Amino acid sequence: FSAMRNGMMSLALAVVVAAAIPSSSIAQRGQRGAGTANVATPAPPHDPRDLSGVWTRTSRVLTMSAETPPMTAWGKEKFHATRPVYGPRAVPGGNDPMSNCDPLGIPRNLFLEVSIYPMEILQTPKRTLQFFEWAHVWREIWTDGRKLPQNPDPRWMGYSTGRWEGDTFIVDTIGMDEPTWLDHFGNPVSDDMRLEERYRRVDRDTLELTMTINAPKAYTKPWVSEKKIMKLAPQGQEIQELFCVPSEEQAFNRLVRDPAAGTSKPPQ
């Protein structure tokens, strides 16, 4: 198959091990080789307010955190209606929107990029853009001082605005579409959900991300993420053209997923 199939196989492996493998610890930098005892080297210069670049995965965490907050009755009903094709609740076939190449939405796209695929960030005076390798899609974050709309129409990516507080870039998003899943495990998205992302470039090569979800319709308390770590890709690395193509996805279901689930036989 194409590169997308390889990506999907990587995703399958990633989700299987996600529950068992904790977030990777970040190696300590700023030391010379073993022959020199703990002599610090100067950190490469960087602008903490410049997030531009291609950022790559460092962990296999495909959700907010290891612990999910208690759900409301509405949240539980929606959660139990999901049938993931990966993870501890996986069932044959499943109803994951990703299997039909539906847009993943936010924050699920962020989990996929932090854990599996790279993400590029581009900054302009009025917008910050995130370019996700999976499905080759863009997300816009308005930085021109506008306020979030009062009652936005639902969007796959929601409606996002960003601002700087010191060296932290804060993104607020509302207007997410309920057909999307919050993550690969089927945790629900509600139309009242508000997502806050906090990005901090701690050194030239390291970007930290923490998130907080407030969704009273779905969860009984805010859901605060574990810290996500991304690393700056080597110079020259580019985002691949990794579209989710429905015809290829259907072929992958027929040739791989369905036989694995025992719902059909592979062609002879």
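The values are calculated or read from the model by the stated rules, or taken from the named source; none is laboratory data. Predicted model, so just to flag it, every value in this text is computed and none were measured. Virtual Cβ from ideal backbone geometry, glycine too; neighbours counted across all protein chains shown. To get the accessible areas, we keep the full protein, side chains included, count just its heavy atoms, and leave off ligands, DNA and RNA. Shrake-Rupley method; radii C 1.70, N 1.55, O 1.52, S 1.80 Å.
Max-minus-min Cα coordinates of the stretch 43-122 on each principal axis give 50, 28, 20 Å, with the largest extent listed first.
3J(HN,Hα) couplings calculated from phi for the stretch 130-137 with the Karplus curve 6.51 cos²θ - 1.76 cosθ + 1.60 (θ = phi - 60°) are, in sequence order, 10, 10, 8, 5, 5, 6, 6, 10 Hz; Gly and Pro show x. For Gln240, the shell of other residues with beta-carbons less than 12 Å away shows a net charge of -4, using +1 for Lys and Arg and -1 for Asp and Glu.
The string of couplings for the stretch 50-60 from the Karplus curve (6.51, -1.76, 1.60, θ = phi - 60°) is 10, 9, 4, x, 9, 10, 10, 5, 9, 9, 10 Hz, one whole number per residue in order, with x for Gly and Pro. Counting Lys and Arg as +1 and Asp and Glu as -1 over every other residue whose Cβ lies under 9 Å from the Cβ of Thr161, the net charge comes to +1. Listed values for the stretch 196-209 are Karplus-derived 3J(HN,Hα) couplings in whole Hz (6.51 cos²θ - 1.76 cosθ + 1.60, θ = phi - 60°), namely 10, 10, 10, 9, 9, 8, 7, 8, 4, 9, 10, 10, 9, 9, and x replaces Gly and Pro. Rolling a 1.4 Å probe across the protein heavy atoms gives the stretch 127-194 an accessible surface of 42 Å² per residue. Rounded to the nearest 20, the Cβ-based charge dipole of the stretch 76-187 about its Cα centre (Lys and Arg +1, Asp and Glu -1) stands at 200 debye.
Name the residue from Leu207, Pro103, Ala218 whose Cα lies farthest towards the positive end of the charge dipole of the stretch 66-218, charges +1 on Cβ of Lys and Arg and -1 on Cβ of Asp and Glu. The residue sitting most towards the positive pole is Ala218.
Per residue, the convex hull spanned by the Cα atoms of the stretch 138-237 amounts to 138 cubic angstrom. The alpha-carbon atoms of the stretch 73-232 define a convex hull whose volume equals 120 cubic angstrom per residue.
In whole percent, and with a 1.4 Å probe on the protein chains, what portion of the accessible area of the stretch 57-187 is carbon and sulfur?
51
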